[in-house]
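Data block below; observations after.
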Amino acid sequence: MKVEHGVCTHVGRVRKRNEDAYLVLPGEHLYVVADGMGGHAGGAEASRIAVDSVAEFFRKTESAEDGTWPHIATWIHDTHACRLVSSLQYAHRGVVDAAWRQPGGPMIMGTTAVAVFFVRGQAYIAHVGDSRCYRYLGGRLVQLTTDHTVVEDIKRRYQLTRDQQASLGSIQHLVARALGGRETGDVEVDITVVVPSLDEVFLLCSDGLTNELTDDRIAAILSTTDHLQEAAERLVSAAVEAGGSDNVTVVLARFVEGDEDEDFTPFVEEDTLEATTLAIPPDEGSRS
């Protein structure tokens with residue numbers, strides 16, 4: 001099997017800069033979306049540090065026979081889960097270190113992150129914050145991650161309806177967990193493992209997509225084309241047309257039949273609608 005992908009990002013209609021970043025490592029079948037905290041000055045830098053750090057960590061551990069070193073999450077006995085979770089822990093430390101090195105003194109820098117790592121017939125999904133991962137097959141869209149937000153915590157505790165959730169206003173955007181932020185120790189990373197079906201699409205996105213489009217609308221757009229790059233561009237365009245109140249980034253990945261792609265060249269990009277699969281170069285109380 002091999003994995004196809006499509007990717008697209010846009011600054012939106014309101015923000016002056018794109019604080020989202022994404023990473024595609026085709027040789028590792030690793031895909032990441034990071035959404036820098038818009039309420040802090042270092043949002044764009046934080047997201048870029050996060051994806052760069054994940055890429056660096058995967059390079060360092062590419063040939064490591066030992067499933068622990070230099071992994072951080074040594075309590076996880078599944079080697080692949082350990083590697084993915086550790087990469088986000090490593091990214092968290094990178095963002096925290098960068099915040100402390102700022103010329104004007106320490107500042108709060110934070111970013112969400114969601115990643116999917118396909119290996120040995122399984123999909124490992126790790127995330128921190130409110131960037132999401134979905135799986136799509138046969139017209140059905142299923143959310144695999146749970147948002148780390150203040151509202152989500154309240155919703156789970158008090159069983160809020162969608163209308164009640166909407167009435168909470170600005171606190172809907174308060175992230176309860178992030179890479180960097182105010183947490184200087186290790187950050188808790190959620191990990192999920194699923195077995196993907198052939199031709200099943202995995203969608204990674206920043207909340208700029210899900211704040212503008214319902215799950216039904218996302219599924220409807222995915223049903224219009226089998227071409228992942230085209231689907232990614234249609235999703236982003238629809239979110240921008242629906243309001244574009246935030247940066248929006250979409251990465252789509254799908255298992256298909258064929259030989260594995262051994263290319264290990266990373267592709268990290270932001271603020272473009274022309275990303276292509278054919279030319280693959282390289283806190284609590286926080287807002288995203």
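When peptides 207-213, 139-145, 127-133, 24-30 are sorted by average Cβ neighbour count within 10 Å, with the highest value leading, the order is 127-133, 207-213, 24-30, 139-145. Normalised by the number of residues in the range 69-146, the mean separation of alpha-carbon contacts (under 8 Å, six or more apart) gives a relative contact order of 19 percent. The length gained by stretching the chain between LYS2 and ASP163 to full extension, at 0.36 nm per residue less their Cα-Cα distance, is 53.8 nm.
Spin-label model, GLU188 to VAL119: label points 7 Å out along the Cα-to-beta-carbon direction sit 2.4 nm apart.
Readers should treat all values here as calculations from the given coordinates under stated rules, not as data from a laboratory. Since this is a predicted model, take the numbers as computed values, not measurements. We place every Cβ from the backbone using ideal geometry, glycine too, and count neighbours over all the protein chains shown.
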